[in-house]
Amino acid sequence: MIYNQAERTLETDRLRLRLFKPSDATAVSSFCNNYNIYKSTLTLPYPYPLECAADWIANIEQNFEQDKMYDFAITLKTDGQLVGAIGLSHHPSYRNGEMGYWIGEAHWGHGYGSEAARAVIEFAFTVKNYHKVYARHFASNPASGRVMQKCGMSYEGTLKDQVYKINAFEDMVYYGIVNPVA
């Protein structure tokens, strides 16, 4: 992972993670206005109108500058195409943060989530000096758990019936990784 502090970008072999721009709102709305994305994410509303995307994007730069949250657009290095999003919360008193992500359904199965997650974990440890990064997923979405495993995260536990979503209770599965040099 290569971090460019001036541009606030992370680069991997195939991806460039950058801050979202207002011009991304249409693509974000299109990706997130998808029932399959909604049912596998904790906080995204459905339907997901353009206004939701625009409002979310409007706060990203300020949150980044204030070290509250680091949200990145996941784009392809070859052509700049937006394929998803990845974020990392910041809990300075605990030196940790939660990672969350979504990949547009048309881009599932290409390893973009795992590649972006590895970069964000490295960013957390080497640039932001986190002690730990953690993530969670619905038990009904094991593909998200595989992303976490591919990044070296370890299973930490399952909270039974933790969230009520789409007329049913969902188990939440937790993973974490500790900074190896901390």
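The values are calculated or read from the model by the stated rules, or taken from the named source; none is laboratory data. Owing to the predicted nature of the structure, the values given are computational and were not obtained by experimental measurement. FYI the Cβ positions are ideal-geometry reconstructions off the backbone, even for glycines, and counts take in every protein chain you see. For accessibility, only protein heavy atoms count, side chains too; no ligands or nucleic acids. Shrake-Rupley method; radii C 1.70, N 1.55, O 1.52, S 1.80 Å.
Is it the case that the range 76-87 has a residue that's in a helix (DSSP H, G or I), under 22 Å from R136 (Cβ atoms) and free of Cβ contacts under 8 Å to residues at least 40 places away in the same chain?
Within the range 76-87, none of the residues are in a helix (DSSP H, G or I), under 22 Å from R136 (Cβ atoms) and free of Cβ contacts under 8 Å to residues at least 40 places away in the same chain.
Applying the selection to the range 88-106, what residues are touching an Asp or Glu at 6+ places or on another chain (Cβ under 6 Å) and either within 16 Å of M148 (Cβ to Cβ) or not in a loop (DSSP other than H, G, I, E, B) (or both)?
S89 - this is the single residue of the range 88-106 that is touching an Asp or Glu at 6+ places or on another chain (Cβ under 6 Å) and either within 16 Å of M148 (Cβ to Cβ) or not in a loop (DSSP other than H, G, I, E, B) (or both).
(1) assigned to a helix (DSSP H, G or I); (2) under 25 Å from E170 (Cα atoms); (3) open to solvent by 80 Å² or more (accessible area, probe 1.4 Å); (4) not basic (K, R): which one isn't true of G109, the others all being true?
(1)
Every residue in the range 113-149 that is of a type in the set (K, R), part of a helix (DSSP H, G or I) and either farther than 18 Å from L17 by Cα or open to solvent by less than 20 Å² (accessible area, probe 1.4 Å) (or both), please.
Answer for the range 113-149, where residues must be of a type in the set (K, R), part of a helix (DSSP H, G or I) and either farther than 18 Å from L17 by Cα or open to solvent by less than 20 Å² (accessible area, probe 1.4 Å) (or both): just R146.
Out of the range 134-151, which residues are over 16 Å from G97 (Cα atoms) and of a type outside the set (F, W, Y)?
Scanning the range 134-151 gives A139, S140, N141, P142, A143, S144, G145, R146, V147, Q149, K150.
Can you pull out every residue in the range 41-83 that is under 16 Å from the mean Cα position of the chain (by Cα) and of a type in the set (G, A, S)?
A53, A73
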